[in-house]
């Protein structure tokens, strides 16, 4: 009799869902997708500062931020597109094209503000073209942007005619390279702009209906449409708004290199995707936080900078970033698969 | 006819290439009644409700809400006219929480400058209303409204979708197979919700394969067969076996019965 009771209680125990560590971690990561990259960032920073005390010096951290500014701001736009379950392979090409137009116009005597406005508009139009091809002709974003990547790159090279343009500092276009001293920290205007972009889009994605609709569209477009979300409009807006971000990234790039160079952003396309993916945003759409992409961009820079400081071959940085990308996608798969 | 129809459709036609989805279907729904739509697979049930809910534009035919002609170009149009739909696929965004799903595409903004200029959502207000609403409906399976929908069971997701329709439907609520994925107790809850909606004077359209459910809750039963309405019966006038026979073509109704007028008295 008592044996039978005992048996039933063990059966109960077996069936009852257990609140294991893995389960709890899963539910936390589910709510805060940027948490695991943040942990990685903190751990790597601690390790590098133990390995070389120069790492944590304000001067070094300032340089690190400046190096992350261009890819970091591109990653904001890339996040918007990836949240809709899309991908934009042409982000760097759009930025370089816009920066070259800005630089060449300014070098030719055009007013800096006007030169910026024209380059900025060009970036928006280029992104609009991607968005229209995705929403109207219903082509996969990967294919569309693979094509436009070549188109924009070619246009850049044709327009540049092999020239690089250098601009004097102190002008409107190079303002983004100016430094503001805060104690021993030196933040460029470009870094501050990047941080502002993150603040603006963290707000827009979390606190506005547009943000909710972007997530819903990336998550399940048919469900979002049936619930009344104008999914095509949301998709197009994601590309266009991302284009505006790329226009600002172009300005930051001009300030960073004091001019325009058709070969400046060769790796920026993939680096922005790397930052977003390491930052915990799902390539399948509908999941992630824009702040994660900032963390992702910083992680890449920390590896770059830290390994250089301790005298390790730079190739290991590339290796480390590759491993991180695979890890990040694996974590994302795990978050999406198990139901808590 | 004691009251005016809240939703009427005449001669709805929808074709998909050579396939006839709807071959001229009429439908009448009165306020405060539950109209069940039954039919075999491919009878045009889903196409019919998609036309009524704005998810699909019929090739021909008229739809009227309270006697006024309408043309729904999107589900938003139908919602604006007071028609809410619970789709078989539920149309919920898995990664969003219950509140966000209830208010998806009709979010509330903060009053004042925060809402107008900064377009800020009024999340606390939406949460409060969502909670009250779910409590009012007596849905006990949804404990935490901050939970992501993908962490819910099938029955709980159904409850979210039904709650959304019930919360915002002012004239008509359409439910496509609302009990298909549910257990006995959850089915009972959904049927109770349907009766509550009828009590509130709404017109309810229920698409279901489940004959016991249909005969338990429906006032009238619209039978679709091969893209056409073959008759309208009531649970009193016919047995479930007869309904199935009509549905499958084993039995036909007299024209007088088939137009549904007999059943409406």
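Looking for whichever is under 24 Å from residue B:155 (Cα atoms), crowded, with 16+ Cβ neighbours inside 10 Å and within 14 Å of chain A (Cβ to nearest Cβ) here; the options are B:134, B:83, B:37. Which one fits? Step through it out loud before you land on a result.
Values: B:134 fails: within 14 Å of chain A (Cβ to nearest Cβ); B:37 fails: within 14 Å of chain A (Cβ to nearest Cβ).
That would be B:83, the only listed residue that is under 24 Å from residue B:155 (Cα atoms), crowded, with 16+ Cβ neighbours inside 10 Å and within 14 Å of chain A (Cβ to nearest Cβ).
If the condition is being surrounded by 21 or more Cβ atoms within 10 Å (Cβ to Cβ) and farther than 18 Å from residue A:50 by Cα, then region A:299-324 contributes only A:300.
Just a yes or no: is a residue in region B:200-212 closer than 13 Å to residue B:36 by Cα, in contact with a helix residue (DSSP H, G or I) (Cβ under 8 Å, 6 or more places away or on another chain) and assigned to a helix (DSSP H, G or I)? Within region B:200-212 (the criterion being closer than 13 Å to residue B:36 by Cα, in contact with a helix residue (DSSP H, G or I) (Cβ under 8 Å, 6 or more places away or on another chain) and assigned to a helix (DSSP H, G or I)), the answer is yes, since at least one residue qualifies.
Counting the residues of region B:109-125 that are surrounded by fewer than 19 Cβ atoms within 10 Å (Cβ to Cβ) and in contact (Cβ under 8 Å) with a residue 12 or more places away in the chain gives 5.
For region A:107-146, give me each residue that is assigned to a loop (DSSP other than H, G, I, E, B) and either within 22 Å of the chain's Cα centre (by Cα) or surrounded by 13 or more Cβ atoms within 10 Å (Cβ to Cβ) (or both). Walk me through it before giving the result.
Restricting attention to region A:107-146, the residues satisfying the condition of being assigned to a loop (DSSP other than H, G, I, E, B) are A:108-111, A:136-140.
Of everything in region A:107-146, those that are assigned to a loop (DSSP other than H, G, I, E, B) and either within 22 Å of the chain's Cα centre (by Cα) or surrounded by 13 or more Cβ atoms within 10 Å (Cβ to Cβ) (or both) turn out to be A:110, A:139, A:140.
Evaluate the following for residue B:55: is it facing another protein chain (nearest Cβ under 8 Å), in a loop (DSSP other than H, G, I, E, B) and over 23 Å from residue B:152 (Cβ atoms)?
Details: facing another protein chain (nearest Cβ under 8 Å): yes; in a loop (DSSP other than H, G, I, E, B): yes; over 23 Å from residue B:152 (Cβ atoms): yes.
Answer is yes for this residue.
Number of residues in region B:4-33 that are out of contact with any strand residue (DSSP E or B) (no Cβ under 9 Å at 6 or more places or on another chain), under 18 Å from residue B:204 (Cβ atoms) and at pLDDT 90 or above: the value is 0. Among all positions in region A:177-184, there is at least one residue which is in a helix (DSSP H, G or I) and either within 21 Å of residue A:122 (Cβ to Cβ) or touching a helix residue (DSSP H, G or I) at 6+ places or on another chain (Cβ under 8 Å) (or both).
Every residue, every condition in (1) at pLDDT 95 or above; (2) under 21 Å from residue A:211 (Cα atoms), yes or no:
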| site | (1), (2) |
| --- | --- |
| A:76 | yes, yes |
| A:80 | yes, yes |
| A:83 | yes, yes |
| A:86 | yes, yes |
| A:93 | yes, no |
| A:97 | yes, no |
| A:100 | yes, no |
| A:110 | no, no |
| A:114 | yes, no |
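All of (1) surrounded by fewer than 18 Cβ atoms within 10 Å (Cβ to Cβ); (2) in contact with a strand residue (DSSP E or B) (Cβ under 8 Å, 6 or more places away or on another chain); (3) more than 21 Å from residue A:193 (Cβ to Cβ) hold for residue A:58 with one exception: (3).
Taking region A:147-162 only, how many residues are within 30 Å of residue A:110 (Cα to Cα) and surrounded by 14 or more Cβ atoms within 10 Å (Cβ to Cβ)? Talk me through it step by step, then tell me what you get.
Taking region A:147-162 first, the residues within 30 Å of residue A:110 (Cα to Cα) are A:148-162.
Narrowing further to those that are surrounded by 14 or more Cβ atoms within 10 Å (Cβ to Cβ): A:148-149, A:151-153, A:155-157, A:160.
Residues flagged as within 30 Å of residue A:110 (Cα to Cα) and surrounded by 14 or more Cβ atoms within 10 Å (Cβ to Cβ) within region A:147-162 amount to 9.
Would you be able to tell me the number of residues in region B:97-120 that are over 19 Å from residue B:168 (Cα atoms) and either within 11 Å of chain A (Cβ to nearest Cβ) or not in a loop (DSSP other than H, G, I, E, B) (or both)? The number of residues fulfilling the criteria is 8.
When region B:137-176 is filtered for residues that are touching a strand residue (DSSP E or B) at 6+ places or on another chain (Cβ under 6 Å), buried (at least 20 other Cβ atoms within 10 Å of the Cβ) and under 26 Å from residue B:6 (Cα atoms), the ones remaining, listed by number, are B:161, B:162, B:165, B:169, B:172, B:173, B:174, B:175, B:176. Number of residues in region B:69-87 that are part of a loop (DSSP other than H, G, I, E, B) and touching a helix residue (DSSP H, G or I) at 6+ places or on another chain (Cβ under 7 Å) equals 2.
Kindly evaluate residue A:276 against the criterion of being away from every other protein chain (no Cβ under 14 Å) and surrounded by fewer than 24 Cβ atoms within 10 Å (Cβ to Cβ).
Working: away from every other protein chain (no Cβ under 14 Å): yes; surrounded by fewer than 24 Cβ atoms within 10 Å (Cβ to Cβ): no.
Taking the combined requirement at face value, the residue does not satisfy it.
Rundown of residues vs (1) at pLDDT 95 or above; (2) closer than 27 Å to residue A:97 by Cα; (3) more than 15 Å from the chain's Cα centre (by Cα); (4) not in a helix (DSSP H, G or I), yes/no style:
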position: A:264; (1), (2), (3), (4): no, yes, yes, yes
position: A:276; (1), (2), (3), (4): yes, yes, no, no
position: A:282; (1), (2), (3), (4): no, no, no, yes
position: A:288; (1), (2), (3), (4): no, no, no, yes
position: A:295; (1), (2), (3), (4): yes, yes, no, no
position: A:301; (1), (2), (3), (4): no, yes, no, no
position: A:316; (1), (2), (3), (4): no, no, yes, no
position: A:328; (1), (2), (3), (4): no, no, no, no
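Among the residues of region B:65-76, those identified as more than 14 Å from every other protein chain (Cβ to nearest Cβ) and either surrounded by 15 or more Cβ atoms within 10 Å (Cβ to Cβ) or out of contact with any strand residue (DSSP E or B) (no Cβ under 7 Å at 6 or more places or on another chain) (or both) are B:65, B:66, B:67, B:68, B:70, B:71.
With the structure loaded, tell me whether residue A:162 is in contact with a helix residue (DSSP H, G or I) (Cβ under 9 Å, 6 or more places away or on another chain) and either within 20 Å of residue B:102 (Cα to Cα) or in a loop (DSSP other than H, G, I, E, B) (or both) or whether it fails that test. Working first, answer last.
Working: in contact with a helix residue (DSSP H, G or I) (Cβ under 9 Å, 6 or more places away or on another chain): no; either within 20 Å of residue B:102 (Cα to Cα) or in a loop (DSSP other than H, G, I, E, B) (or both): yes.
For residue A:162, the condition - in contact with a helix residue (DSSP H, G or I) (Cβ under 9 Å, 6 or more places away or on another chain) and either within 20 Å of residue B:102 (Cα to Cα) or in a loop (DSSP other than H, G, I, E, B) (or both) - is not met.
For every residue, the table says whether it meets (1) in contact with a helix residue (DSSP H, G or I) (Cβ under 9 Å, 6 or more places away or on another chain); (2) at pLDDT below 95; (3) surrounded by 22 or more Cβ atoms within 10 Å (Cβ to Cβ); (4) over 22 Å from residue A:93 (Cβ atoms).
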{"position": "A:226", "(1), (2), (3), (4)": "yes, yes, yes, yes"}
{"position": "A:234", "(1), (2), (3), (4)": "yes, no, yes, yes"}
{"position": "A:239", "(1), (2), (3), (4)": "yes, no, yes, no"}
{"position": "A:243", "(1), (2), (3), (4)": "yes, no, yes, no"}
{"position": "A:249", "(1), (2), (3), (4)": "yes, no, yes, no"}
{"position": "A:256", "(1), (2), (3), (4)": "yes, yes, no, no"}
{"position": "A:268", "(1), (2), (3), (4)": "yes, yes, yes, no"}
{"position": "A:285", "(1), (2), (3), (4)": "yes, yes, yes, yes"}
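Summed over region B:16-52, the residues that are assigned to a loop (DSSP other than H, G, I, E, B) and free of Cβ contacts under 8 Å to residues at least 24 places away in the same chain give a count of 3. In this structure, residue A:96 does satisfy being touching a residue at least 24 places away in the same chain (Cβ under 8 Å) and crowded, with 19+ Cβ neighbours inside 10 Å.
The values are calculated or read from the model by the stated rules, or taken from the named source; none is laboratory data. Just so it is clear, the model here is predicted, and its values are computed rather than measured. Glycine also receives a Cβ, built like all others from the backbone with ideal geometry; neighbour counts cover every protein chain displayed.
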